[in-house]
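K.L.:
Quick one: the structure is below, questions incoming.
Coordinate-derived values only; no laboratory data. Note that this is a predicted model, so its numbers are computed, not measured. Heads up, the Cβs are rebuilt from the backbone with ideal geometry, glycines too, and the neighbour counts pull from every protein chain shown.
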Amino acid sequence: MGEAVNEPTTGSDPRLERDKLRDTLEKLLGIRATDMRGALNEASDLVSSAVGADKVDAFLHDLSIHSLVAVGSSDSPMARRQRDLGIDRQPIANGGRAIAVFETGEPYITGRADEDPEVPLGYTQGMGIRSIIAVPMEVGAERRGVLEADSSQPDAFSPDDLSFLGAVARWVGMVARQAELVEQVAQDAAEAARRMAAEELVTVLAHDFRNYLMPLRARIDMIRRLAAREDNPRYLQHAEEAKRAVARLEGLTDDLLDVARLEQGVFSLALQPVDLTVLAHDTAEMLQSGKADVRVRAPEELVVDADPERLRQALQNLLSNALKHAPDGVPVTLDVGEEARDSGQWAVLHVRDEGPGISPDILPRLFTRFGAGADSTGLGLGLYLARGIANAHGGELTVQSSPGQGAAFRLALPVTQSERAEP
């Protein structure tokens with residue numbers, strides 16, 4: 001690491017150093033860490049005053065841009081100049097002394113920054129910095145950034161100042177961690193409240209939709225019968241299209257109500273013997289389209305104890321999702337099979353498409369309510385319901401996917417339902 005240049009030879013009073021450290025730590029503990037930036041700004045001001053710096057930065061590593069970002073800075077002209085120059089963000093790839101401290105964990109001190117070629121020119125020429133001390137900073141027992149103090153005066157800091165900064169950095173990291181947790185709790189609470197309000201609104205709207213759709217379907221059926229009786233093919237076609245549109249709305253309404261039933265624990269099953277081979281072929285045939293077909297590979301018979309309508313609903317959601325993302329002319333495969341586990345025999349429905357795959361940032365929330373990606377045209381309920389139906393049968397629904405390599409969904413059910421978990 002860097003070496004101090006022309007360091008002061010006189011040592012400081014240890015008692016004064018201890019008093020300064022104690023006073024700074026007490027003030028750091030008094031910071032109300034309600035948000036990260038505000039807490040680290042206040043901490044930087046305290047440290048700047050303690051070491052007599054023109055500027056103190058609390059840099060944190062931002063993974064999204066792979067840079068050290070001055071999340072907190074002391075309130076000073078030099079800090080404002082730093083923001084104007086854009087040096088409050090330092091890409092890891094560009095290197096530099098702060099980057100080296102972050103990567104190696106070794107502290108750095110110099111009183112002649114303008115003579116160090118590893119110090120960015122923006123520091124020395126843009127801000128006029130001559131003295132630097134920098135130490136690694138841990139947040140949550142992990143090295144997450146750098147605490148740095150700068151001065152426009154040469155030889156402004158001593159080794160004692162560097163040791164002081166290292167001791168203070170641990171407490172600044174604790175302040176950052178506390179602020180991070182507070183922000184996360186607030187964010188989680190806001191998200192939970194938003195979801196609760198949205199779910200309640202959606203459930204009410206779904207009930208209202210169903211009340212409006214029933215007379216609409218009856219009226220369309222009447223128009224369809226009249227068109228058939230009068231042999232009017234044009235009106236008959238319009239009526240058929242309107243009937244299909246109402247059916248899609250009814251399906252969406254049912255999905256919304258099923259989501260509410262799952263959340264309220266009143267999602268029920270009507271179990272009976274179901275031949276998965278027949279169910280797979282029937283569901284695939286219903287979803288065949290000109291864009292892509294479903295290729296079924298199944299044994300002659302595979303019977304499980306299940307709710308046929310709920311299972312069809314889950315499989316239909318999986319196949320519809322696969323067909324939506326499959327390239328034109330490339331079939332979706334549906335394999336039906338059986339596997340032995342320690343708990344007994346399990347039936348497996350394996351749905352695979354050769355589409356673009358699932359983005360890694362979507363995968364963690366893929367099976368959550370309203371977990372659709374930005375390019376999705378639906379509400380993101382199909383996969384959530386499919387997993388809920390699998391779980392209600394005592395089974396499981398998993399996915400494997402990599403960008404550019406398609407997606408494979410695996411719906412597994414125990415062949416014997418005597419040990420089935422309660423929905």
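K.L.:
Ranked highest first by the average count of other Cβ atoms within 10 Å around their residues, in what order do 398-404, 59-65, 321-327 fall?
P.N.:
With the highest mean Cβ count within 10 Å placed first, the list reads 321-327, 59-65, 398-404.
K.L.:
Also, quick follow-up: How large is the charge dipole for the chain, taken about the Cα centre, if only the Cβ atoms of Lys, Arg (+1) and Asp, Glu (-1) carry charge, to the nearest 20 debye?
P.N.:
With Lys and Arg at +1 and Asp and Glu at -1, about 1320 debye.
K.L.:
Once the dipole of the chain is set up with Lys and Arg at +1 and Asp and Glu at -1 on Cβ about the Cα centre, which of V69, P159, G357 lies farthest towards its positive end?
P.N.:
Of the options given, the answer is G357.
K.L.:
With a Förster radius of 51 Å, plug the Cβ-Cβ distance of D335 and Q237 into 1/(1 + (r/R0)^6) and report the FRET value to the nearest 0.05.
P.N.:
Efficiency computed from Cβ-Cβ geometry: 0.85.
K.L.:
Highest first, please rank the peptides 137-147, 299-309 by the mean number of other Cβ atoms sitting within 10 Å of their residues.
P.N.:
Numbers: 137-147: 19.5, 299-309: 16.2.
Listed from highest to lowest mean packing, they are 137-147, 299-309.
K.L.:
Between T253, A39, V332, whose Cα lies farthest towards the positive end of the dipole of the chain when Lys and Arg beta carbons carry +1 and Asp and Glu beta carbons carry -1, centred on the Cα centre?
P.N.:
With unit charges placed on the Cβ atoms, the residue in question is T253.
K.L.:
Could you work out the pair-distance distribution P(r) of the chain from its alpha-carbon pairs, with 10 angstrom bin width and percents rounded to whole numbers?
P.N.:
Using 10 Å bins, I get a P(r) of 4, 16, 19, 14, 12, 13, 12, 7, 2, 1, 0 for the chain.
K.L.:
Further question: For the chain, give the share of DSSP beta bridges that are antiparallel, in percent and rounded to the nearest 5; count only bridges with both residues there.
P.N.:
Of those bridges, close to 95 percent are antiparallel.
K.L.:
Sum -39500 (n - 2.57) across every DSSP H segment of at least 4 residues in the chain, then divide by the residue count to get the 222 nm mean residue ellipticity, nearest 500.
P.N.:
-16000 deg cm²/dmol
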